[in-house]
């Protein structure tokens with residue numbers, strides 16, 4: 001067979017250049033255009049899917065040039081009304097915001113008429129032109145504001161301080177209920193239970209389901225939540241923590257398990273009720289003025305309930321056999337067991353008590369925020385740990401004092417720092433106190449709790 005011949009052609013330079021030009025042109029044609037910058041309004045606002053808007057009128061006439069600002073979730077925006085009195089403020093997401101009308105841009109002697117505000121909207125205590133606003137089911141919220149003659153309210157620093165102190169006390173008391181339960185768990189088991197946040201959320205969810213879904217009376221929903229919280233604590237110990245303790249897992253492994261359990265429960269709650277915020281019956285009632293302090297009847301009831309429950313827990317720990325056994329186990333579990341105390345049985349009671357306290361705290365937190373959400377407990381978890389550490393690890397009474405300090409610090413700090421940063425103030429107080437007293441307020445140097 002004759003050998004096959006291959007013809008080898010030498011590359012021509014002009015052909016290589018032509019191919020290069022064609023490749024460059026194809027890359028230019030096929031490259032997708034860069035995305036256009038976000039659309040903006042005439043006053044520089046970035047247009048989003050969520051906005052608040054409306055019309056401002058005085059004696060049925062539109063008011064032009066009124067400056068409106070909005071703040072919340074780390075966002076700030078500003079606009080002013082046009083010749084027809086219309087305004088619109090775009091925000092990045094569906095969250096709660098503070099809407100403020102700049103009263104210096106209103107006509108002389110005119111304020112926002114509180115009697116004609118949209119239903120469910122009230123001025124923030126001590127103001128006539130600032131409101132907390134949030135969306136409903138849609139991504140838009142229309143708020144038509146009517147002006148009327150009146151005197152503009154100005155609040156002195158002392159009045160603001162007094163109002164924040166009372167608000168901090170209210171927050172600290174509901175935080176104490178959750179913190180005392182978590183402190184008892186730590187004292188008896190040395191477990192830093194990250195799933196305690198979901199025990200708080202569970203209380204709000206049970207109250208929501210029984211009242212809003214099943215339409216049962218509110219008092220019955222509260223009872224169901226407290227009982228359900230106790231059962232939840234019992235089930236967690238019986239089904240998970242007691243078997244793990246008996247297998248000899250260390251505190252670090254148990255803490256990691258609690259983190260995983262927290263995440264699993266949190267997203268289970270989101271799957272069950274969705275990602276929105278739902279209100280319990282009677283949420284956001286009209287405030288009652290006590291001088292410069294503004295409180296609703298729910299705030300008064302919540303503070304009263306918290307004080308009664310805290311006194312009950314103190315009596316339980318100091319006057320009952322199980323309470324004394326709880327304190328003994330917290331001091332020295334090996335010595336308590338050698339003394340004949342059934343450690344597992346006492347720990348089981350502690351979990352039931354902690355679950356009930358967390359449930360009550362969850363209900364009060366749902367009215368304080370207000371609203372029930374799938375991750376509501378996680379929002380206060382860091383503050384719970386801060387209160388426990390501040391008061392002294394493992395001591396329920398230390399957690400009480402730590403919670404009051406944290407609650408007051410969080411609310412009072414808003415006099416000087418933006419409200420979005422108020423929770424950081426509690427951590428600053430924690431650092432300062434631990435530098436002076438590392439064992440916490442009521443902790444002892446010879447032991448952790």
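Under the condition of being farther than 27 Å from residue 373 by Cβ and not in a loop (DSSP other than H, G, I, E, B), which residue from the stretch 239-248 is farthest from the chain's Cα centre (by Cα)?
Within the stretch 239-248, the match that is farthest from the chain's Cα centre (by Cα) is 246.
With respect to (1) in contact (Cβ under 8 Å) with a residue 24 or more places away in the chain; (2) surrounded by 15 or more Cβ atoms within 10 Å (Cβ to Cβ), the lone exception for residue 296 is condition (1). For the condition surrounded by 15 or more Cβ atoms within 10 Å (Cβ to Cβ) and at pLDDT below 95, residue 287 qualifies. Whenever a residue of the stretch 79-107 is surrounded by fewer than 18 Cβ atoms within 10 Å (Cβ to Cβ), its partners that are in a helix (DSSP H, G or I), lying with C-beta atoms within less than 9 angstrom and at least six residues away or across chains, give the pairs 80/105; 98/419.
Does at least one position in the stretch 180-190 carry a residue that is within 30 Å of residue 251 (Cα to Cα) and not in a helix (DSSP H, G or I)? Yes, the conditions are met somewhere in the stretch 180-190.
If you go through the stretch 210-226 and pick out every residue that is surrounded by 13 or more Cβ atoms within 10 Å (Cβ to Cβ) and either without any contact (Cβ under 8 Å) to a residue 60 or more places away in the chain or more than 28 Å from residue 186 (Cβ to Cβ) (or both), you end up with 9.
For residue 191, indicate whether it is under 17 Å from residue 406 (Cα atoms), in contact with a helix residue (DSSP H, G or I) (Cβ under 7 Å, 6 or more places away or on another chain) and modelled with pLDDT of 85 or more. Taking the combined requirement at face value, the residue does not satisfy it.
Within the stretch 328-340, track down each residue that is surrounded by 12 or more Cβ atoms within 10 Å (Cβ to Cβ) and over 14 Å from residue 187 (Cβ atoms).
Across the stretch 328-340, the qualifying residue is only 337.
Counting residues in the stretch 84-97 that are more than 22 Å from residue 136 (Cβ to Cβ) and not in a loop (DSSP other than H, G, I, E, B) gives zero. Criterion applied to 407, 449, 440 was being surrounded by 21 or more Cβ atoms within 10 Å (Cβ to Cβ), assigned to a loop (DSSP other than H, G, I, E, B) and at pLDDT 80 or above, and the one residue passing it is 440.
Of all the residues in the stretch 38-68, those that are buried (at least 17 other Cβ atoms within 10 Å of the Cβ) and on the phi > 0 side of the Ramachandran plot number 1.
For the stretch 144-179, the candidate set comprises residues that are part of a loop (DSSP other than H, G, I, E, B) and at pLDDT below 85; within that set, the residue that is surrounded by the fewest Cβ atoms within 10 Å (Cβ to Cβ) is 151. Filtering 385, 397 for residues that are more than 24 Å from residue 201 (Cβ to Cβ), at pLDDT 85 or above and part of a helix (DSSP H, G or I) leaves a single hit, 397.
Considering only residues that are in contact with a helix residue (DSSP H, G or I) (Cβ under 7 Å, 6 or more places away or on another chain) and part of a loop (DSSP other than H, G, I, E, B), look in the stretch 370-382 and name the one that is farthest from residue 95 (Cα to Cα). For the stretch 370-382, the residue satisfying everything is 377.
Considering each of 390, 421 in turn, give the residue that is in a helix (DSSP H, G or I), surrounded by fewer than 17 Cβ atoms within 10 Å (Cβ to Cβ) and either at pLDDT below 85 or out of contact with any strand residue (DSSP E or B) (no Cβ under 7 Å at 6 or more places or on another chain) (or both). Steps first, answer last, please.
On the way: 390 fails: surrounded by fewer than 17 Cβ atoms within 10 Å (Cβ to Cβ).
Selected residue: 421, the only one of 390, 421 that is in a helix (DSSP H, G or I), surrounded by fewer than 17 Cβ atoms within 10 Å (Cβ to Cβ) and either at pLDDT below 85 or out of contact with any strand residue (DSSP E or B) (no Cβ under 7 Å at 6 or more places or on another chain) (or both).
Restricting attention to the stretch 96-135, the residues that are at pLDDT 80 or above and within 23 Å of residue 49 (Cα to Cα) total 11.
In this structure, residue 192 qualifies as surrounded by fewer than 23 Cβ atoms within 10 Å (Cβ to Cβ) and farther than 30 Å from residue 415 by Cβ.
The values are calculated or read from the model by the stated rules, or taken from the named source; none is laboratory data. This structure is a prediction, so every number in the text was calculated from the model and none was measured. Virtual Cβ from ideal backbone geometry, glycine too; neighbours counted across all protein chains shown.
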